[in-house]
Amino acid sequence: MLGYLVRRILVLIPLLFSLTVLLFFYIHAVPGDPIAGMLGPDSTPELIARLRHERGLDLPLWEQYWRWFAGLFRGDLGISLINGAPVTPIVINRIPATLQLTLCSLFLIVAIGFPLGFLAGKHQGSWIDRILSPTALLGLSTPAFWLGTLLILIFAVRLGWFPAGGYIPFSEDPIESLRRTLLPAFALGINLSPLLARLVRAATVELKREPFVIQASGRGLKPNTITRRYLLRNAVLPVLVIVGMQLGGLLGGQVIIEQLFSWPGVGRLLVEGAVQRDYLLVQSLILVVAVIYVLVNLAVDVLHASLDPRVKL
Amino acid sequence: MSTAAGSDAPLLHVEELCVEFTIGSHRLRAVDDVSFDIGRGEIVGLVGESASGKSTLGLAIMRMVPGAGRVSAKSMKFVDQELYDLTAAELRHVRGNDLALIVQDALATMNPVITVGEQITQVMRDHGEKGGRSELRRRAVHTFREVRLSEPEETLGKFPHELSGGMQQRVAIAQGLVLGPLLIIADEPTTALDVTVQAQILALLRGIVDDRGTSIIFITHDLATVAEICDRVLVMYAGRIVEAGAVGDVFADPMHPYTRALLASLLPLDGEPPDVLTAIPGQPPQPDEWPTGCRFRPRCPLYQALGEPEACRTTDPLVDETVPHWAACHFVDER
């Protein structure tokens, strides 16, 4: 297990390195100049040149890359091209909000999708099974931004049960913090719940036909035992696969949802940075998202191995 | 079961059992009007080719015929209860306690994510066996030892996929055996194993019968295995039993042309192997196209030799199933 972790983390090094190269040149290929954009149409070419020089934008691209890359090892992501503030603390400040939204969303996806899918699969053809499929289609085809707006309209504006947005750190007021996370997390994850439910349903239907489940009743095991230790226990495994696979979509979806719910996370800052061509900020934020992605995936794989003895790490 | 009937009453009495599958508009009789008895402490071989209905017959006794199948029987009496009259709770009690099923692919019948030790203690717990965790584990180890697992304590903590094929089958047998069933239905339990392990498992099953007085229905396509461990044999062909008798009688004097053909296709154990292997021409019929009259007729050498008599085409052979050795053939005396 420890060896596995070390190996997995070693693999991350070339992966993340390639990612920094890709990110850097990709973002610089986007047309538009950050300084010219910041100063507006009234600035003089001299002023633009001076600021470009101050920010190091007149250096060759490879040297700009090298400065940023070398800085990563010192935990220095550079300074913002727009306001000259160090990027590192800005980015770090945004991580808790994003992480909280991601995890709450994941929790909601599983809490809604898994029981529905399992019950539908276990009681094939029952009412719950019959309504799952159309509901799933509805959920899958509902865009997150539209649902988010609708949720705000109903639960925040009309009913006033939840605030329309804003984030309070968990450490400050856990209950209020979670209350505020609920709507954005729901809007973000609701598309994935039906997807999960369908997959869990399919897995459960499949399990019921497995010889070991049939034989369990042939050995006279209690129906309750068969449900818990034979069906449920094995239906959990595909959930992990889905979570690992859909995490990317979840992180990407935050760009819109954070905007909608005034959520001070990585996604919203990313939009601001991209609009202003703040190269260093955008590079660093995407890198952070990528690191979160690979780390959560690693955690999912480790969890999978601990639940399924056939998976060797 | 505590209420044992008279000791000379059969353990299992099957009368006019039919299993019918409806697939689309087709109705297939996989098992067609089969009757037999199983006595206490005997191993009865149930021999036949693929699609002869032998496995379905085993499942019918377990009441495990899949959903699409319909089982009907005049009587399916196990000890003193009609199996098909049992409630779900009674059936659950009988399964595991009195009836056990062992199949070919032992690995597939075990929960992949739970240790084999937990699985066998679960069987005991779900049947209300008294005793704490350590007591149940002790009994599991005892049963593992009985099926000759070399390291019973270590095996408890293993997952099914960590065991060899032979060990998997021993563990599966132990799971069936742990509550001391009266009847074990063993469906090709040794087919997937290599020959030496096969011999060990057969010896093990024979030992269980001799020590405990358990009965076994041994389902197989392999006559050599039948000769090795069975007391009696039922030969199945196309959903019916075509010959029944003590193993010695059937092997020495096969009455049905099908049984003779099966025996002829065996390799001799001693002497030179033949230049050409004897095989039964043609394929066994499928359940939706049973031939009329005698079902073996299209492949029967005797039918050809006798000039295709009409009786074979038109009527089912009648048999007297009360004699110890019988065959369902119009021309038993022509052999």
- Message: Yes or no: the range B:249-272 includes at least one residue that is out of contact with any His (no Cβ under 9 Å at 6 or more places or on another chain), buried (at least 19 other Cβ atoms within 10 Å of the Cβ) and part of a loop (DSSP other than H, G, I, E, B).
- Response: yes
The one condition B:Asp288 fails out of (1) surrounded by fewer than 20 Cβ atoms within 10 Å (Cβ to Cβ); (2) closer than 24 Å to B:Thr56 by Cβ; (3) free of Cβ contacts under 8 Å to residues at least 60 places away in the same chain is (3)
Some residue of the range A:227-243 being within 11 Å of another protein chain (Cβ to nearest Cβ), at pLDDT 90 or above, closer than 30 Å to B:Ala60 by Cβ and not in a helix (DSSP H, G or I):
no
Scanning the range A:213-226 residue by residue, those at the interface with another protein chain (Cβ under 7 Å from one of its Cβ atoms), surrounded by 19 or more Cβ atoms within 10 Å (Cβ to Cβ) and not aliphatic (A, V, I, L, M) turn out to be A:Gln215, A:Gly218, A:Arg219, A:Gly220
Considering the range A:280-313, residues that are part of a loop (DSSP other than H, G, I, E, B) and within 14 Å of another protein chain (Cβ to nearest Cβ), and then whichever is surrounded by the fewest Cβ atoms within 10 Å (Cβ to Cβ), we arrive at A:Lys312
| query | Do the conditions hold for A:Thr102, that is, is it surrounded by 14 or more Cβ atoms within 10 Å (Cβ to Cβ) and out of contact with any Pro (no Cβ under 9 Å at 6 or more places or on another chain)? | reply | yes
Residue hits (the range B:302-312; surrounded by 14 or more Cβ atoms within 10 Å (Cβ to Cβ) and not aliphatic (A, V, I, L, M)) are B:Tyr303, B:Pro309, B:Cys312
All conditions in (1) of a type outside the set (A, V, I, L, M); (2) in a loop (DSSP other than H, G, I, E, B); (3) free of Cβ contacts under 8 Å to residues at least 40 places away in the same chain are true of A:Arg277 except (3)
Based on this model, can you work out whether B:Met76 counts as in contact with a strand residue (DSSP E or B) (Cβ under 8 Å, 6 or more places away or on another chain), at the interface with chain A (Cβ under 7 Å from one of its Cβ atoms) and farther than 19 Å from A:Asn224 by Cβ? no
Those residues of the range B:119-130 which are crowded, with 18+ Cβ neighbours inside 10 Å and either of a type in the set (D, E, K, R) or in contact (Cβ under 8 Å) with a residue 60 or more places away in the chain (or both) amount to B:Asp126
Scanning the range B:106-149 residue by residue, those more than 10 Å from chain A (Cβ to nearest Cβ), more than 25 Å from B:Ile201 (Cβ to Cβ) and charged (D, E, K, R) turn out to be B:Glu129, B:Lys130, B:Arg133, B:Glu135
Considering the range B:159-188, residues that are out of contact with any helix residue (DSSP H, G or I) (no Cβ under 6 Å at 6 or more places or on another chain) and part of a loop (DSSP other than H, G, I, E, B), and then whichever is surrounded by the fewest Cβ atoms within 10 Å (Cβ to Cβ), we arrive at B:Ser164
ask   = Would it be correct to say that B:Thr191 is farther than 20 Å from B:Met62 by Cα, assigned to a loop (DSSP other than H, G, I, E, B), in contact (Cβ under 8 Å) with a residue 40 or more places away in the chain and among the hydroxyl-bearing types (Ser, Thr, Tyr)?
value = yes
Okay, strands (runs of 3 or more DSSP E) sitting entirely in the range B:1-91 with 2 or more residues that are surrounded by 21 or more Cβ atoms within 10 Å (Cβ to Cβ) and on the phi < 0 side of the Ramachandran plot, I get B:12-23, B:26-38, B:43-47, B:75-78
Of the residues in the range A:249-270 that are out of contact with any helix residue (DSSP H, G or I) (no Cβ under 6 Å at 6 or more places or on another chain) and free of Cβ contacts under 8 Å to residues at least 60 places away in the same chain, the one that is nearest to A:Ala299 (Cα to Cα) is A:Gly249
Given (1) within 25 Å of the chain's Cα centre (by Cα); (2) assigned to a helix (DSSP H, G or I); (3) of a type in the set (A, V, I, L, M); (4) buried (at least 20 other Cβ atoms within 10 Å of the Cβ), B:Ala224 misses just (4)
Only unsatisfied item for B:Ile102, checking (1) surrounded by fewer than 23 Cβ atoms within 10 Å (Cβ to Cβ); (2) within 13 Å of chain A (Cβ to nearest Cβ); (3) in contact with a Ser or Thr (Cβ under 9 Å, 6 or more places away or on another chain); (4) in contact (Cβ under 8 Å) with a residue 60 or more places away in the chain, is (1)
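The values are calculated or read from the model by the stated rules, or taken from the named source; none is laboratory data. Since the structure is predicted, the reported quantities are computational estimates derived from the model, not experimental observations. Glycine also receives a Cβ, built like all others from the backbone with ideal geometry; neighbour counts cover every protein chain displayed.
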